[in-house]
């Protein structure tokens, strides 16, 4: 009998070991072991409920009394089957990490602990923005912002200083925002741009507003009127003196009559220098003893679509007529050239006349070359012009020089010596020069402004 008992002890011991292994490793009796617990999601939306799942029934009130979230978030606990559902009263803090802890028991009072963590989704971030920080932009520019994600629950708010009216265009995904000014932005102005993102909750409030960007950009400058010639209140402006308007930028052409005004009105032609920054108005002829007003109107657009912001006015006084022109006779009864400007010189009459499109514009007494140093005859062209030329040969100045032959013949005002002595006007009408054509004071300046390089000169008897 003793031997039988000893023999039975061995299988009983083995059976106990097997049963313990089954209990521990095979979960044979689940009701007396810790349940399997997990978070349904490790990353949740800002108003999404947190779900903790249990694989078997638990004692709920023990779970609820021990359940905690850190950082603390107000909410309520519901149960859906074996799942604990925690619904926050307000949206979760975005882009945050929370820990969950609880203690519990099964119905057989077997205690267990659980701890895990989850994170919340972040607010949108800017991935592209235009203009860039400290950029120099055109006044017609839009402001464009692109986010890394969109959605109906996200809001982009912004503030631009100085303020301006605009249209806001948003794409269907709410990822791209375009701020289009209703009018152009102010020129030469520094703007501050601040953008915020926020979450639009089910309660209609915007939560967790966060500054995304804060920077400045600058609009380009408007064109400026740098100078007008003749200058303001300048006097004794000759008959054909052009008006020159100097801008700081290339301006749009062929709209001059809309923005350039002369009072009293004078006909003439507009020309632009090569850089398109200098406008030249060439009058048909200024009348004597008149105060002319020049007005450059605001709004004149530059080539880059900026525009003149200010209206500028300037005045000048035309020459005082002495009657000299009325007393002279024309160099010819009929103009040789019917188109454009040209200079006609009659050596027999010692008279120079200027013509434009066949119409006489003025007559002036001259002094041509004396015998043996005759002024050449024929048709020539102005080769160059200078306001004050120096003659190395004769050691004197020739104001308002206009050369017309390769041999050095030219039109000019009565010569001046370095001492300050000036040739007398009493020689006008008498051929006493060394071959050049001399003009009186004032007359030479008028002719100088009338002609350009290339203007024809016809000299005859």
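The values are calculated or read from the model by the stated rules, or taken from the named source; none is laboratory data. Predicted model, so just to flag it, every value in this text is computed and none were measured. Methodologically, a virtual Cβ is constructed for each residue, glycine included, from the backbone with ideal geometry; neighbour enumeration extends over all protein chains shown.
Take the conditions in the same structural domain as residue 56 (by TED's automatic domain parsing) and crowded, with 16+ Cβ neighbours inside 10 Å and apply them to residue 100. Does it pass?
yes
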* strands (runs of 3 or more DSSP E) completely within the range 364-461 that count 2 or more residues being buried (at least 21 other Cβ atoms within 10 Å of the Cβ) -> 396-403, 410-413, 437-439, 456-460
* **Selection count where residues are without any contact (Cβ under 8 Å) to a residue 40 or more places away in the chain and assigned to a strand (DSSP E or B), scope the range 237-280** => 14
* Test residue 52 against the criterion of being under 30 Å from residue 99 (Cβ atoms), touching a helix residue (DSSP H, G or I) at 6+ places or on another chain (Cβ under 9 Å) and at pLDDT below 65, and give yes or no. => no
